[in-house]
1. Can you spot a residue in the range 333-355 that is of a type in the set (Gly, Ala, Ser), over 27 Å from GLU406 (Cβ atoms) and touching a helix residue (DSSP H, G or I) at 6+ places or on another chain (Cβ under 8 Å)?
2. Considering each residue of the range 383-403, count those that are among the aromatic types (Phe, Trp, Tyr) and surrounded by fewer than 15 Cβ atoms within 10 Å (Cβ to Cβ), and give that number.
3. Given (1) modelled with pLDDT of 95 or more; (2) over 30 Å from GLU209 (Cβ atoms), identify the lone condition not met by ASP424.
4. Considering only residues that are within 29 Å of ALA144 (Cα to Cα), modelled with pLDDT under 90 and basic (Lys, Arg), which ones fall in the range 194-208?
5. Out of all the residues in the range 127-136, is one or more outside any helix (DSSP H, G or I) and surrounded by 20 or more Cβ atoms within 10 Å (Cβ to Cβ)?
6. With within 21 Å of LEU56 (Cβ to Cβ), more than 19 Å from the chain's Cα centre (by Cα), modelled with pLDDT of 95 or more and part of a helix (DSSP H, G or I) as the only criterion, which of GLN354, GLN378 stands out?
7. Consider the range 396-419. How many of its residues are under 17 Å from ALA353 (Cβ atoms) and not in a helix (DSSP H, G or I)?
8. What helices (runs of 4 or more DSSP H) completely inside the range 151-260 contain at least 2 residues that are under 30 Å from MET101 (Cα atoms)?
Amino acid sequence: MIRESSLGRFAMGSTMTGIPLAPLASAQRIDNLDVLRGLALLGIVLMNVEFFTAPLMDISEGISPGDRGLDRLADAFVYVFVRGKFWTLFSLLFGMGFAVMLGRAQAAGRSFVPVYLRRTLGLLLFGLVHALLIWSGDILVSYALTALVLLLLFRNTPTGRLWKWGGGIWAVMIGLMLFFTAMMTVGDGAQDPNAAKAAADAADLRAAEIAAYSAGSYAAATAVRVRTFLHMLGFNVFLVPMVLGMFLVGAWLVRSGAMAQPAGHRRLFVRLAWIGGVVGLGLTVASVAIDSNPGGTDQPSPSTMLAMTLHMAGSPLLSLGYIAMVVLALERGAAWLRTLAPAGRMALTNYLAQSVVGTLVFYGYGLGLWGEVSRAWQVLGVVVFFALQVVLSRWWLARFRYGPLEWAWRAFTYWQLPPMRRADAVPLDATTS
């Protein structure tokens, strides 16, 4: 229950019942979450940029064997420290947002479900627009579907059980992958006809992606995006339980009071930094040692499956390690990290903007640089572009209370138009007295 932490008082500024639910005033936010969202945005675009200029069907591949020098170093850095770590970090942050929203609803004595369902529906709509009209590598649709499962099954789960459920779900998924690896090891080596057909379908879609995205019109690219979205539905179903696990761990971090009062939970964050960082990185390095490019073959082997499994097992641990390292650094006064907070406050706007700009730079209906930018230049370009996003976010939030898409999402969620310009904002004392 929320009374196990100070979340309700922190989020609302009051424990009076009858307070209407509305978007948080800036002073009521957990600032560390905005910093973490900003960091997650950087990681997401570092991972996604490769697939703005390559087929999404290649997303399971690892370190490209054809790269040399700085390109190989950049590819290896992203694969080891970024790939798989930042969508899980975003998932943790979404679970934290769920816990904050639930705590505010309980503190206000208001119904949580209608607001949450509108919020989830809004997220789903953004995800569908993103996946079908901008870029096929969307994660928001999976988040929205998982949010429904979270509401249905875990809304009233006691705080102390949240991390156990989250960790347990991930352990089951890793166990299933290890089981499949073992089955491949004892198998007779014959190729499954269904697997052969799936590989052929994926190869056909890959060719269609290259043709449409590298030189096709916007209409041709959109047709392939729709086809890719339908093809990836099965993968999204597999992704939901993993996202759910991270949602639950993120909700536990907030409901336990750790994110709102990190100084009082320093021992927890030190343990997460060491265990998550060392073990997570160790599993990832072991994965690379077994097979640095496990998705680079049409016929998976036991070794490629084991490499994929270890990489997946290391990702959530390293994500938790990143969270702990950032929180501890902020507690020690690393104010430079707070420069990421404005970008984090506009996470939805910046996330979709990354895809819009990325596809316009690389796709044929934009600048047409598909396949022409080396890996090292991709990474450098992302760093420069993200720095620009941070500057623009700071400029925007000096004038407006929300990012444009955040404002639209809140308006849909709370069924009211929040004041946009800072000059129109309701004074904080009027909302918390």
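The values are calculated or read from the model by the stated rules, or taken from the named source; none is laboratory data. Since we're looking at a predicted model, the values are computed, not measured. Because the Cβ atoms are built from the backbone with ideal geometry, glycine has one as well, and the counts that use them run over all protein chains shown.
1. no
2. Here the count works out to 1.
3. (1)
4. Residues satisfying the conditions do not exist here.
5. Yes, the range 127-136 contains a residue that is outside any helix (DSSP H, G or I) and surrounded by 20 or more Cβ atoms within 10 Å (Cβ to Cβ).
6. Only one candidate passes the filter, namely GLN378.
7. Residues that pass the stated criteria total 3.
8. By residue number, 159-186, 233-255.
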